[in-house]
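Every read-out reported here was derived from the displayed coordinates using simple, explicitly stated rules and does not represent laboratory data. Bear in mind that the values here come from a model prediction, so they are computed numbers and not experimental data. Here Cβ is always computed from backbone atoms with ideal geometry, including for glycine, and neighbour counts include all displayed protein chains.
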Amino acid sequence: MVERLHTFVHRTSAAAVAIKAGSLGQTHPGHNVITPAEQHILVRDWRAKSMFGKAQTVVEAGDLIDGEFITDLGTRDLHLVHLTFGRQHVIHADGLEISVPLAKAMAAIAA
């Protein structure tokens, strides 16, 4: 069983990225998504191999911007939910595989 340590919600102004439905695999995400550019996403498709030389890797959403399917939205007001766990996890959120950092890394964001 995975133990969730903390959850906090906040509003912030941050660089944002739009990810079109299906652009990270045939069904991922299932609908258009807006996420912070700094959001860590697990990439397992051809992008991981061609862009980063690995079968899978965790990258910031902003590193995937291609101007067509994944676009830079500039700075936006965002309503964010942060989850923390005792160890790093990948969770499914909005049809994306999101890498959740260690709790101590999130403590710096919450401060």
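Take every DSSP beta bridge whose two residues both sit in the chain; close to 95 percent of them are antiparallel.
Taking other residues whose beta carbon is less than 14 angstrom from the beta carbon of Ala21, and scoring Lys, Arg as +1 and Asp, Glu as -1, yields -1. The equivalent ellipsoid that matches the C-alpha gyration tensor of the chain spans semi-axes of 23, 18, 12 angstrom, in descending order.
Sparsely packed loop sites in the stretch 1-106 (the GluC sites (Glu not before Pro) outside DSSP H, G, I, E and B with at most 11 other Cβ atoms within 10 Å) comprise Glu3, Glu68.
For Ala93, the amide hydrogen comes within under 5 Å of the amide hydrogens of Ile98, counting only partners 5 or more places away or on other chains and with H modelled in the peptide plane. Residue-wise HN-Hα couplings along the stretch 13-20, as the Karplus relation 6.51 cos²θ - 1.76 cosθ + 1.60 with θ = phi - 60° gives them from phi, are 9, 8, 4, 10, 10, 9, 10, 6 Hz; Gly and Pro carry x. Summary value for the stretch 6-83: 44 percent relative contact order, contacts being C-alpha pairs under 8 angstrom separated by 6+ residues.
When Rg and the Kirkwood radius Rh are both evaluated on Cα atoms of the stretch 1-49, their ratio Rg/Rh stands at 1.05.
GNM remark for the chain: springs join alpha carbons under 10 Å apart, and the peak mean-square fluctuation among Ile91, Ile70, Ile41 falls on Ile91.
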